[in-house]
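Taking it in order: structure first as structure tokens, then the write-up.
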Amino acid sequence: MLNRRTLLSTAALASVPLALPQGALAQSRKDTIVLAMALEPVGLDPTAAAASSIGEVTLYNIYETLTKINPDGSVTPLLAESWEVSPDLRTYTFKLRKGVKFQNGEPFNAQSVKYSFDRAGGEKSTNKDKRTFAAITTQVVDEHTVVLLTKEIDPDFLFLMGQATAVIVEPKSVDTNTTKPVGTGPYKLDNWVKGSSVVLSKWDGHRNAASLKIKRATFRFIADPAAQVAALLAGDVDAFPRVTPRSVPQFKTNPKFQVMASGSRAKTILALNNKKKPLDDVRVRRAINMAIDRKAVIQGAGDGYGSPIGSYYVPSAPGYVDLTKVNAYDPDKARALLKEAGVSNLELTITLPPPPYARQGGEVIASMLDKVGIKAKLQNVEWAQWLSGTYGNKNYDMTIISHVEPFDLGNFSRPGYYWNYESTKFNALYDKYKQTANAAERNKILGDIQRLVADDAVHGYLYQPQWVTVANKNVKGLWANMPIFVNDLSTLSWA
């Protein structure tokens with residue numbers, strides 16, 4: 001086992017009618033379960049789009065990876081039985097599990113690993129971790145041995161190989177995986193009713209099928225906080241990972257439910273479009289940061305579940321530097337900076353995706369900005385609109401979003417990323433970080449990176465959220481901690 005620090009991930013979203021056939025509910029049969037998510041995935045291929053909700057349904061259920069990330073952040077074998085790592089952390093030799101097949105009957109082997117990673121790093125790739133895979137050369141030694149040579153040093157490489165972006169896909173199925181996913185996992189897609197639910201059923205061809213306690217799992221999509229509460233109280237939903245925290249108090253005192261709060265490696269930010277005038281002026285971005293009382297945002301947006309951050313990094317991560325005093329809350333300084341920048345009567349739009357933390361946070365932040373002379377119009381959009389317009393076309397001024405990936409500082413160096421941030425200084429620091437093996441030196445560079453993006457006020461850095469799970473007291477095997485966003489059905493059972 002390779003230990004990894006505990007890390008954590010983020011939040012999600014979507015709206016839905018509450019109607020489901022009573023026969024689908026878990027209370028009547030203890031080999032079925034109903035889970036709920038706030039966000040409906042836009043597709044079922046985690047290598048094709050950035051939404052974390054895709055992996056919440058598919059990772060370790062439909063698709064598998066070479067390694068598996070556990071709730072405590074440790075990494076253990078999955079499709080790889082074992083591995084060897086070179087001392088310079090650049091060569092990884094994986095011994096693959098034998099006798100594994102994809103759900104369409106094709107064999108899993110070293111060639112499918114090479115195909116998956118070459119595709120993920122290829123020119124046409126839309127994988128959000130494309131940079132990671134583009135730096136990998138995959139060599140097939142034999143049918144069950146594969147060597148990965150990486151140009152960039154990353155002590156957490158084995159962790160990355162267990163994330164949703166690293167799933168192994170079957171070449172013949174890739175063009176239709178978005179709607180008809182094919183993997184090596186223990187569950188297969190049974191039904192997808194757009195706007196309502198996804199149903200997975202046990203795949204009898206899986207090597208561990210006999211040990212699965214859950215034969216059928218329904219994922220329901222419920223964005224509205226009141227509807228989330230109603231579904232849990234009615235027993236229509238058996239477990240709601242990452243439920244809206246505002247609903248928690250009534251479940252803590254109800255003996256029918258269990259409530260678990262976990263830490264996070266997520267960063268909830270007021271993302272700024274760095275090329276939109278006047279946001280291209282660092283003084284304006286700093287003023288926005290100074291207008292925001294982070295503790296009040298945590299109460300209003302996260303219902304008290306979170307810790308303030310001053311940069312794009314969180315206290316639970318190695319190499320963390322407390323930068324909450326950089327561009328700290330100071331409305332007077334914010335007004336002075338705006339005046340210095342020659343900005344008055346500024347009007348900006350905050351685009352808000354469906355999650356309650358975003359919608360609630362928008363109200364709080366708009367009020368704060370108003371006090372320093374910035375009129376913030378709130379624009380609510382659905383998740384698909386946010387992905388296409390905000391994330392895809394960069395058509396926004398500001399937006400509130402939780403970035404949940406543990407290792408995503410590289411987004412600041414991604415050409416064309418939706419933040420529109422460009423910094424040769426950052427790129428040089430990040431390249432140096434990716435080529436440094438010594439842990440102490442890496443942490444020092446991490447500190448420099450954190451200071452740079454804090455000083456540049458690339459975003460309004462808000463807080464590190466905590467995630468809350470509410471579930472029927474008899475549901476066993478739920479992840480108490482969430483180093484990544486995943487709903488691992490193979491661990492679930494009923495008492």
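So between residue 491 and residue 420, what do we pick up on full extension, going 0.36 nm a residue minus the alpha carbon distance?
On the way: separation 71, 0.36 × 71 = 25.56 nm, distance 4.06 nm.
Answer, rounded to one decimal: 21.5 nm.
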Checklist line | Part-to-part distance (alpha-carbon centres) for the stretch 31-55 and the stretch 319-379, which is given in Å | finding: 31 Å
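P(r) tail for the stretch 38-180, what percent of Cα pairs lie past 22 Å?
Values: 3404 of 10153 pairs.
More than 22 Å apart: 34 percent of the Cα pairs in the stretch 38-180.
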Notebook entry, point to check: With a sphere of radius 13 Å drawn around the Cβ of residue 241, what net charge do the other residues whose Cβ falls strictly inside it have (Lys, Arg +1; Asp, Glu -1)?
Noted result: -1
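Between beta-carbons, use under 10 Å as the cut-off and find the net charge around residue 477, counting Lys and Arg +1, Asp and Glu -1.
Numbers: positive: 213, 476; negative: 488.
Local charge sum for residue 477: +1.
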Margin query: Could you work out how much longer the chain between residue 382 and residue 210 gets when fully extended? Use 0.36 nm per residue separation minus the Cα distance between them, nm to one decimal.
Written below: 57.9 nm
Next item on the list: Tell me the label-point distance for the pair residue 140, residue 448, using the 7 Å Cα-to-Cβ offset, in nm and rounded to one decimal.
Entry: 4.2 nm
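Using a ≥ b ≥ c from the Cα gyration tensor of the stretch 165-308 (square roots of the eigenvalues), is it rounded, prolate or oblate, where a/c under 1.5 gives rounded and otherwise the larger of a/b and b/c decides, a/b for prolate?
Numbers: a/c = 2.67, a/b = 1.42, b/c = 1.88.
Note, shape of the stretch 165-308 comes out oblate.
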Checklist line | Where a label projected 7 Å from the Cα of residue 261 along Cα→Cβ would reach, residues of the stretch 212-243 with amide N under 19 Å | finding: 229, 240-243
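List the relative contact order of the chain as a percent without decimals, with contacts defined as Cα pairs under 8 Å and 6+ residues apart. Could the numbers behind the result be given before it?
Working: 1146 pairs, mean separation 115.0, N = 495.
Relative contact order comes out at 23 percent.
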Notebook entry, point to check: Once label points are set 7 Å from the Cα along Cα→Cβ at both residue 95 and residue 282, what is their separation, rounded to one decimal in nm?
Noted result: 5.3 nm
Next item on the list: Arrange 115, 63 by Cβ neighbour counts within 10 Å, fewest through most, would you?
Entry: 115, 63
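Does the stretch 353-495 come out rounded, prolate or oblate, given a ≥ b ≥ c as the square roots of the eigenvalues of its C-alpha gyration tensor, rounded meaning a/c under 1.5 and, failing that, prolate meaning a/b above b/c?
oblate
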Item checked: Lys/Arg +1, Asp/Glu -1 at C-beta; the chain dipole; positive extreme among 145, 32, 186 -> 32
Checklist line | Simple label model, 7 Å out from Cα along Cβ direction - residue 455 to residue 437, nm | finding: 3.1 nm
Margin query: Tell me which GluC sites (Glu not before Pro) from the stretch 115-181 have a DSSP coil assignment and no more than 14 other beta carbons within 10 Å of their own.
Written below: 123, 143
Check: What share of Cα pairs, in percent, lie more than 28 angstrom apart in the stretch 267-465?
Finding: 22 percent
Notebook entry, point to check: Taking a label point 7 Å from the Cα of residue 179 along the Cα→Cβ vector, which residues of the stretch 196-223 have an amide N closer than 17 Å to it?
Noted result: 196-199
Checklist line | Rg ratio (alpha-carbon, reference 2.2 N^0.38 Å) - the chain | finding: 0.96
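What does the highest-first list of 366-373, 243-250 look like by mean Cβ count within 10 Å? Show your work: numbers first, answer last.
Numbers: 366-373: 17.1, 243-250: 19.8.
Taking the mean over residues of other Cβ atoms within 10 Å, the ranking is 243-250, 366-373.
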Check: Relative to the present Cα-Cα distance, how much length would full extension add between residue 349 and residue 481 at 0.36 nm per residue of separation?
Finding: 44.0 nm
Notebook entry, point to check: Rounded, prolate or oblate: which fits the stretch 173-239, taking a ≥ b ≥ c as square roots of the Cα gyration tensor eigenvalues, rounded meaning a/c under 1.5, else prolate when a/b beats b/c?
Noted result: oblate
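Each reported figure results from applying straightforward, stated rules to the coordinates on display, with no laboratory input. Predicted model only: the values in this text are computed from it and were never measured. Because the Cβ atoms are built from the backbone with ideal geometry, glycine has one as well, and the counts that use them run over all protein chains shown.
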